[in-house]
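Shown next, in structure tokens, is the structure this report addresses.
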Amino acid sequence: MSFRGVDYYATDELLTDEERLIRDTFRRFVDDELMPIVAGHFRAGTFPRELPARLGELGALGASLQGYGCAGLGPVAYGLIMQELERCDSGFRSFASVQGSLVMYPIHSYGTEEQKQRWLPAMAAGRAIGCFGLTEPDFGSNPSGMRTTATRTNTGWVLNGEKRWITSGGLADVAVVWARTSEGEIRGFLVERGTKGFATHDIEGKFSLRASVTSELIFEDCHLPESAILPGSGGLKSPLSCLNQARYGISWGAVGAAMACYEEALSYTKERVQFRRPIAGYQLVQAKLVGMLEDITNSQLLAWRLGRLKEAGRARPQQVSLAKRHNVRVALEAARTARDLLGANGVTDEYQAGRHMCNLESVFTYEGTDHIHTLILGQDITGINAFE
Amino acid sequence: MKILVTLKRVPDPEQKVKFKGDAIDFTGVNWVPNQFDEYAVEAALRLTENASAGGAGGAVRDGEVVVVSIGPKEVAQQLRAALAMGADRAILIDGDDGALDAEMVARTLVKLVEQEKPDLLLMGKLAADSENNQVGQLAAGYLHWPQATFAATIQAAEDGKALDVGREVDSGVEIKRVTLPAVVTVDLRIIAPQAIKNGKTAPDHAYPEGPRYASLKGIMAAKKKPITETALATLGIAPSLRVKTTAVTAPPARKAGVKVASVEELVAKLHNEAKVL
């Protein structure tokens, strides 16, 4: 039976007809085309190479951007797409987040017309793949300490340094790389695959996001033309504005993962009979199911309200932090609970819960760790910076 | 070719039916497009495009698809979905589903056919809620048009003036040639990858199984497509019913079974009580 959604508070009524139609399109696409292949890819540790083109055909890549072959959707419709993708797998949603929010968005916001024409239509169609290089081996939560440098030459720039934990790095035709100039300012650069001095290595042995590629990017005297710089970028606020877009999408994506886990746990516990009754008939199990439902309902309302604020241009980054922090944390808890309720079956890939549980460990950590979002919010409400 | 396609909304067949007294309780019902009508929309789109010509940009439209529904204003949502799939425009006839029967729906469609003058009236074989399977046949009768029901395949004749409709019957597959204009109702196999050959799309073209997805581009384009609203009275349809629903009851709950202690007891029960031995 196809997925019907978890909607205890009639949140469907908060959506426009168009938003529902978009959600239903992606719900069906995920059920028909992604659900049958996800466990195999996760087990093999492979990314489905046909996914970018399929998402491009449907219009999901960079869907919230205007022009250049992008759909120009509102934030709630965009969020619902992320929800449905992550209902299948956080790795698939990560691919779409990186492509749209972390690569197409900065090119759209900070790029030249030539850069936009070159990359945005191809990326929207899924013909070109992008990655976003901010995090370094020694600088994760504190990107301002980055060591990657961009030195001016007569003809352009030379990059030196290393980026790590880069989603889609090994697949990417173009990398948006953030580096420090001699003046100490952080600027964004477009580095194309095949540029001399630029190499990628995929990270092996992941427990998590196995259906997505995670890589390191190495820059050794990598010469770039002047046209490689994103002229509109300047300072750490540029990459952070990208992350703000992506974190917004994650707050919706986490709802999807949590819904998948809840649905699976609910149907399993209603079927699984122990001591002559379905285990869903026991108080301990019911308490867990109700807790999951409560968390999902909270998350849906948070994501929806944040989307409407964003639509009105009123969403503050701190509000995005709250939704990312809350929704990912409860989704991870839901996945762990679902895995628990599924008993031994929960540890095999015949069921989804274990995969979501492993994936969400990454989602908990990336795009601002749970700790960092806590400190952002702590600073916002107390006025006291607890980072240093 | 111009095609008029019917699209009815029905309660989600996968949802449990609730009763309030001796009537079905529609509160909280999730309304979905009738599956066979969705197939008819897909079939209409396949008949009016060249899917081999558009390259990566998708199929090239060649013809017109008008989708019509009779129902409350909320049916606009299902019509919008059909427009997002690629239909050109839609007509919403304001009407209460409870105050209609198959004959009245057929009369309404006839009126609309007279106004729209399509080459083909294409419909699902039945609606999943009432399961009447009457409207297409009645409409064809009133129009004096040829009809082919339960279409599993449709192939356009070379001169474009007829359709060869394949029907799966007990003894095999029957091909009926209907000259246009005609009424065709579709069965579920019409959405198979190669069920429709329109003489424009390459004959070996294989569609993905099932009705197409509404792409975001299609959904955004659908916002600009017109939905014309009209009413039964405006069309001059007299509200008279040939069929009246006199009672609706829920199926009786299944009785609990009994456990038998031995084979002898089972055989005795089958013989004496069930009387099957």
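Quick notes on this structure:
- Strands (runs of 3 or more DSSP E) contained in region A:65-180 and holding at least 2 residues buried (at least 24 other Cβ atoms within 10 Å of the Cβ) and more than 17 Å from the chain's Cα centre (by Cα): A:156-167
- For B:Leu45, the test of being of a type outside the set (Ser, Thr, Tyr), assigned to a strand (DSSP E or B) and either within 19 Å of B:Gly160 (Cα to Cα) or within 14 Å of chain A (Cβ to nearest Cβ) (or both) is failed.
- Subset of region B:213-237 [touching a residue at least 60 places away in the same chain (Cβ under 8 Å) and more than 12 Å from chain A (Cβ to nearest Cβ)]: B:Lys225, B:Pro226, B:Thr228, B:Glu229, B:Thr230, B:Ala231, B:Leu232, B:Leu235, B:Gly236, B:Ile237
Here's the yes/no breakdown for (1) in contact with a Gly (Cβ under 6 Å, 6 or more places away or on another chain); (2) buried (at least 22 other Cβ atoms within 10 Å of the Cβ):
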residue	(1), (2)
B:Gln78	no, yes
B:Ala82	no, yes
B:Leu92	no, yes
B:Asp101	no, no
B:Lys111	no, no
B:Met123	yes, yes
B:Glu131	no, no
B:Asp164	no, no
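- Every residue from region A:1-26 that is within 15 Å of A:Glu84 (Cβ to Cβ), more than 10 Å from chain B (Cβ to nearest Cβ) and either surrounded by fewer than 20 Cβ atoms within 10 Å (Cβ to Cβ) or among the hydrophobic types (A, V, I, L, M, F, W, C) (or both): A:Phe3, A:Val6, A:Thr11, A:Leu15
- Once region A:30-49 is narrowed to residues that are crowded, with 20+ Cβ neighbours inside 10 Å and under 20 Å from B:Ser215 (Cα atoms), the residue that is farthest from the other protein chains (Cβ to nearest Cβ) is A:Leu34.
- Only one entry of B:Phe19, B:Phe36, B:Phe26 meets the criterion of being away from chain A (no Cβ under 14 Å), of a type in the set (Phe, Trp, Tyr) and under 21 Å from B:Ala206 (Cα atoms), and that entry is B:Phe36.
Okay, residues lined up against (1) in the same structural domain as A:Ser321 (by TED's automatic domain parsing); (2) touching a helix residue (DSSP H, G or I) at 6+ places or on another chain (Cβ under 8 Å); (3) of a type outside the set (D, E, K, R); (4) over 26 Å from A:Leu284 (Cβ atoms):
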residue: A:Leu341; (1), (2), (3), (4): yes, yes, yes, no
residue: A:Asn345; (1), (2), (3), (4): yes, yes, yes, no
residue: A:Ala353; (1), (2), (3), (4): yes, yes, yes, no
residue: A:Val363; (1), (2), (3), (4): yes, yes, yes, yes
residue: A:Asp370; (1), (2), (3), (4): yes, yes, no, yes
residue: A:Glu388; (1), (2), (3), (4): no, no, no, yes
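- Exactly one residue out of B:Ala90, B:Ala84 is more than 16 Å from the chain's Cα centre (by Cα) and within 14 Å of another protein chain (Cβ to nearest Cβ): that is B:Ala84.
- Taken over region A:277-312, the criterion of being acidic (Asp, Glu) and free of Cβ contacts under 8 Å to residues at least 40 places away in the same chain is satisfied by A:Glu294, A:Asp295.
- Qualifying position, being in contact with an Asp or Glu (Cβ under 9 Å, 6 or more places away or on another chain) and either among the hydrophobic types (A, V, I, L, M, F, W, C) or at pLDDT 95 or above (or both), among B:Ala82, B:Ala106: B:Ala82
- Hey, B:Ile190 within 30 Å of B:Glu49 (Cα to Cα), more than 14 Å from chain A (Cβ to nearest Cβ), of a type outside the set (S, T, N, Q) and not in a loop (DSSP other than H, G, I, E, B) or not: yes
- Filter result (within 18 Å of B:Ile3 (Cβ to Cβ) and β-branched (Val, Ile, Thr)) within region B:148-175: B:Thr149, B:Thr153, B:Ile154, B:Val165
- Residue tally, condition assigned to a loop (DSSP other than H, G, I, E, B) and more than 17 Å from B:Ala51 (Cα to Cα), over region B:197-241: 14
The values are calculated or read from the model by the stated rules, or taken from the named source; none is laboratory data. Every value quoted in this text rests on a predicted model; they were computed, and no experiment measured them. Because the Cβ atoms are built from the backbone with ideal geometry, glycine has one as well, and the counts that use them run over all protein chains shown.
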